[in-house]
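K.L.:
Supplied in structure tokens, the structure appears directly below.
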Amino acid sequence: MESVGESDFRDESCPQSTVRPAVSVAGGGEPVADVNSGLRYPGSLGWAVRIRRPPRRLPSTKGPNVSSTDTRGLAGQTIGETGICSVNQTQLIYRGYEIADLAANATFEEVSFLLLVGHKPTAGELATFKKDLVAMRVVPDSVAAAITKIAGESPDAHPMSVVRTAISLLGHLDPECEDTGPEAELRKSMRLLATIPLCIGIHQRALEGKPPVAPDPSLDHAANLLWCMTGEKPGEIAARVMDVSLILYAEHDFNASTFTCRVIASTNSDLHSAVCGGVGALKGNLHGGANEAAMAMLADIMKDTEDGSMTVDAWMERAFAEKRKLMGFGHRVYKNGDHRAGILRDWGLRYATEENAGAKKWFDLGDTVQGIMLDQKNIHPNVDFPCGMTYFAMGIPVPQYTPIFVASRITGWCAHIMEQHANNRIIRPLAEYAGPELMDWNG
């Protein structure tokens, strides 16, 4: 496939199509959000719900060393089609746009529209989309109270468990929770996209003994996320670094959490239930929790080597000898490197260089560790490795790294849930029995 030019996302015109009639929500009880605008997007839902065959010219997603007979973890197995994302050894593509193009030229709101609605937004569509997202930045008092109560009574609760609980509560209060129609699902997706950053902020500030801050309608999505967590307006570079990280994490085809969402959706369950399943899958440190584990590993290396009593090479040799799993390295698909890792590493280093010089030592250490891994094991870093350093440099508490992942991946999850519901067949694979041979109970 030809490479995508830097200006491709910005310059491509979006064809116009018919306007679907507005659909309003008659709210009852505690309001979830102001959703009465009707979300008028030209041709949006027709794109959002249609499963499109991925372009056949894209390289195979199957790795060169994957055995067709070893199906553990479904390694190398193609189990369905999607028009949302293509992941292969050389490219990551969201609905036809390469990830480097999007990270350089798009905003997270634009990418969210692309994934959820199905095409690049026009200027008018984007303005309406952003306006509606701002209006939906509302967390019901009962949900905010529950999050605060958990922080007070169970401060050691994993933030991912808190996010999962918050999403479940939001589902209870959403008047369209059980509606799996495409219009309702798009609105619910947008409500979750708008409110999850607020829930993260409420929880973090409650842990710090601080009251929540109201969302700022003047801030874009990424900047508002940082504002809700810290109560401080982020600078331009901090907002852009967060924006890029959200773009990079937004979608990744049939990964463990997305596949979990699709399996749940295939039973005709509701969107909130499917998303809760995705959160549960993402909590594991072999998936979303890897960015937290990668930063913890770097902190261990820094502690053991900073006084000069041990070199980084010696630390790594000891880890190799102990057969420790080094987090943030390797990928099931990207055998020659994760396209996203270099992008986020460069943005993180730029932030450290311009805004927090003291954090540059983490990137120096990361480069050393990365070099040793390549020389000794020929294993490349994945996006979780620079993510840990980048978020740490920005002062984000390590336990909130994976919830921020949720704030991004909610777009991909919801796009897949809508796609699954649009052309549904329950996902029910077969298992190869490996138990004892048939026996006689009375024998």
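Derivation of every value follows stated rules applied to the coordinates shown; laboratory data play no part. These numbers were taken from a predicted model, which means no experiment stands behind them. Note that we place each Cβ from the backbone using ideal geometry, even for glycine, and neighbour counts take in every protein chain shown.
K.L.:
Based only on other Cβ atoms within 10 Å, what is the fewest-to-most ordering of M302, M439, M136? It would help to have the intermediate numbers written out before the result.
P.N.:
Working: M302 14, M439 7, M136 21.
Exposure proxy ranking, most exposed first: M439, M302, M136.
K.L.:
Next question. Under 25 Å Cα to Cα from K149, which lysines show up? Leave out anything in the same chain fewer than 8 places away.
P.N.:
Of all the lysines, those that pass the test against K149 - Cα under 25 Å, at least 8 places apart if same chain - are K210, K283.
K.L.:
At 1.306 mPa s and 10 °C, plugging the Kirkwood radius over alpha-carbon pairs of the stretch 212-361 into Stokes-Einstein gives what diffusion coefficient in µm²/s?
P.N.:
Values: Rh = 18.4 Å.
In µm²/s, the coefficient is 86.
K.L.:
Would you mind computing, in nm to one decimal, how far apart the modelled labels at A214 and L74 are, each placed 7 Å from Cα along Cα→Cβ?
P.N.:
So the two model labels end up 4.5 nm from each other.
K.L.:
Loop-only check: which GluC sites (Glu not before Pro) in the stretch 126-187 are DSSP coil with at most 15 other Cβ within 10 angstrom?
P.N.:
E178
K.L.:
Taking the Cβ of each residue in K130, K323, K120 as the centre, tally the other Cβ atoms inside 10 Å and list the residues starting with the fewest.
P.N.:
On the way: K130 18, K323 6, K120 22.
By the 10 Å Cβ count, ascending, the order reads K323, K130, K120.
K.L.:
Quick one: give the max-minus-min coordinate of the C-alpha atoms of the stretch 134-235 along each principal axis, largest first, in Å.
P.N.:
Per principal axis, max minus min of the Cα coordinates gives 40, 33, 20 Å.
K.L.:
Over the Cα atoms of the stretch 243-331, what is the Rg over Rh ratio if Rh follows Kirkwood? Mind showing how you got there, number by number?
P.N.:
Values: Rg = 17.9 Å, Rh = 15.5 Å.
Dividing the radius of gyration by the Kirkwood radius yields 1.15.
K.L.:
Whose amide H sits under 5 Å from the amide H of V383, counting only residues 5 or more places off or on another chain, with H placed in the peptide plane?
P.N.:
A341
K.L.:
What lysines does K120 reach when the alpha-carbon gap must be under 24 Å and sequence neighbours fewer than 8 apart in one chain are set aside?
P.N.:
Leaving aside lysines fewer than 8 places away in the same chain, those within reach of K120 are K130, K131, K188.
K.L.:
Once both labels are modelled 7 Å past Cα along the beta-carbon direction, what's the F320-M302 spacing in nm?
P.N.:
My value for the distance between the label points is 2.5 nm.
K.L.:
Provide Rg and Dmax in Å for the stretch 305-366, with only Cα atoms included in the calculation.
P.N.:
Looking at the stretch 305-366, its Cα Rg and Dmax stand at 14.5, 38 Å.
K.L.:
Total Lys pairs in the stretch 294-443 closer than 27 Å by alpha-carbon, pairs eight or more apart in sequence or interchain only?
P.N.:
Going through the stretch 294-443 pair by pair, I get 15.
K.L.:
Under the rule a/c < 1.5 gives rounded, and otherwise a/b versus b/c splits prolate from oblate, where does the stretch 216-257 land using the Cα gyration tensor? Could you put the intermediate results ahead of the total?
P.N.:
Working: a/c = 2.91, a/b = 2.27, b/c = 1.28.
Here the stretch 216-257 falls in the prolate category.
K.L.:
Take T90 and W441, extend 7 Å from each Cα along the Cα→Cβ direction, and tell me the distance between the two endpoints in nm.
P.N.:
Between T90 and W441, the label points sit 5.9 nm apart.
K.L.:
Grab the eigenvalues of the alpha-carbon gyration tensor for the stretch 290-393, scale each by 5, take roots, and send me the semi-axes largest first in whole angstrom.
P.N.:
Working: eigenvalues 79, 69, 22 Å².
That gives 20, 19, 11 Å for the three semi-axes.
K.L.:
Would you order R332, R191 from fewest to most other beta-carbon atoms within 10 Å of each residue's own beta-carbon?
P.N.:
Values: R332 16, R191 24.
If I rank by nearby Cβ atoms, fewest first, I get R332, R191.
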